[in-house]
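Colleague: Attaching a single structure in structure tokens format; questions to follow.
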Amino acid sequence: MGRQINYYLELDGLLALSERALSLGCQIVREDPRAGRVTVGHDLSLIAGEEHVRYYFHLPAAGPLTVETFDGKERLRRFACPCENAVMEAGFSRILPETREIVRTRLFCSTGYYNQTGAFLPRPGCIDRVYSTLARLVKKLAPGTSVTDTYISTCGETYGQERTYTHREYISPHCLRLRENEGYILRA
């Protein structure tokens, strides 16, 4: 559980989000599972846009960062430790021209964690403040937009019929143009 905002936002949007996170005192954490490396820094050069890499914002004031080695590969330890309360996951949408899809991503921070004695430790207020600021920026970069999609009904009298529904998505102008003008599909 935690706080999250889902969005469709290209790499440039993640760079703008990262720049804001750095100005709020965060570090950028780059976790590359293929290479087995975790890199921490204070500049945007860590964000290169590889598909398999995960990005986090670490707020040192909220707690320490925990990197563990497993089978000779480094990885960020994010669960059931103080690091869980000190990092926020952030990403950018993968735009897949071969399948004409745009993959949704999110900004996420945990509610807290249970320590070894079973006591629940909630996320600190400083993470809430940074998260709220970053979520507001996401809403500027990827404004809330009403999107209409279709589905095949599996209910009662409308079984097997194509139906439409409208939902709200946070989607950047670039991703919205790809959807509307080039037929890209939004994928969760």
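The values are calculated or read from the model by the stated rules, or taken from the named source; none is laboratory data. This structure is a prediction, so every number in the text was calculated from the model and none was measured. We place every Cβ from the backbone using ideal geometry, glycine too, and count neighbours over all the protein chains shown. These area figures cover heavy atoms from the full protein model, side chains too; ligands, DNA and RNA do not enter into them. Shrake-Rupley method; radii C 1.70, N 1.55, O 1.52, S 1.80 Å.
Colleague: In whole Hz, what ³J(HN,Hα) sequence does segment 22-31 give by Karplus (6.51, -1.76, 1.60; θ = phi - 60°), x for Gly and Pro?
Modeller: 4, 5, 8, x, 7, 10, 9, 10, 10, 10
Colleague: Then there is this: Tell me which chymotrypsin sites (Phe, Trp or Tyr not before Pro) from segment 36-103 have a DSSP coil assignment and no more than 16 other beta carbons within 10 Å of their own.
Modeller: Counting only loop positions with at most 16 other Cβ atoms within 10 Å, the chymotrypsin sites (Phe, Trp or Tyr not before Pro) in segment 36-103 are Phe79.
Colleague: Which of Ala80, Ala62, Ala142 moves the most in a Gaussian network model of the chain with Cα springs under 10 Å?
Modeller: Ala80
Colleague: Once phi is turned into ³J(HN,Hα) by the Karplus curve 6.51 cos²θ - 1.76 cosθ + 1.60 with θ = phi - 60°, what whole-Hz value does each residue of segment 70-76 show in order, with x for glycine and proline?
Modeller: 9, 6, x, 10, 7, 8, 6
Colleague: Also, I was wondering about something else. May I ask you to give the percent of accessible area on segment 1-144 that is carbon plus sulfur, with a probe radius of 1.4 Å?
Modeller: 51 percent
Colleague: Right, next: How far is helix 125-141 tilted, in degrees, relative to the longest principal axis of the Cα atoms in the chain, given as a value from 0 to 90 rounded to the nearest 10?
Modeller: With both axes taken from Cα atoms, the answer is about 30 degrees.
Colleague: What stretch of the chain, leaving out the sites themselves, is the longest with no trypsin sites (Lys or Arg not before Pro) in a DSSP loop having at most 14 other Cβ atoms within 10 Å?
Modeller: Formally, the longest exposed-site-free interval is 101-188.
Colleague: So for the chain, averaging the separation of alpha carbon pairs under 8 Å that are six or more residues apart and normalising by length, what relative contact order in percent results?
Modeller: It comes to 24 percent, rounded to a whole number.
Colleague: So how tilted is helix 173-182 from the main axis of the chain? Cα-based, degrees 0 to 90, rounded to 10.
Modeller: Its long axis makes an angle of about 30 degrees.
Colleague: Could you identify which residue out of Glu31, Glu162, Glu101 has the top mean-square fluctuation in a GNM of the chain using Cα springs shorter than 10 Å?
Modeller: Glu162
Colleague: Taking the radius of gyration and the Kirkwood hydrodynamic radius from Cα positions alone, what is the Rg/Rh ratio for the chain, to two decimal places?
Modeller: We get a ratio of 1.03 for the chain.
Colleague: Specify the inter-centroid distance of segment 144-188 and segment 86-101, based on alpha-carbon positions, in whole Å.
Modeller: So the two Cα centres are separated by 18 Å.
Colleague: Any idea of the accessible area per residue across the chain, 1.4 Å probe, to the nearest Å²?
Modeller: 55 Å²
Colleague: Report the local net charge at Gly91: Lys and Arg +1, Asp and Glu -1, summed over other residues whose C-beta lies under 10 Å from its C-beta.
Modeller: Result for the neighbourhood of Gly91: +3.
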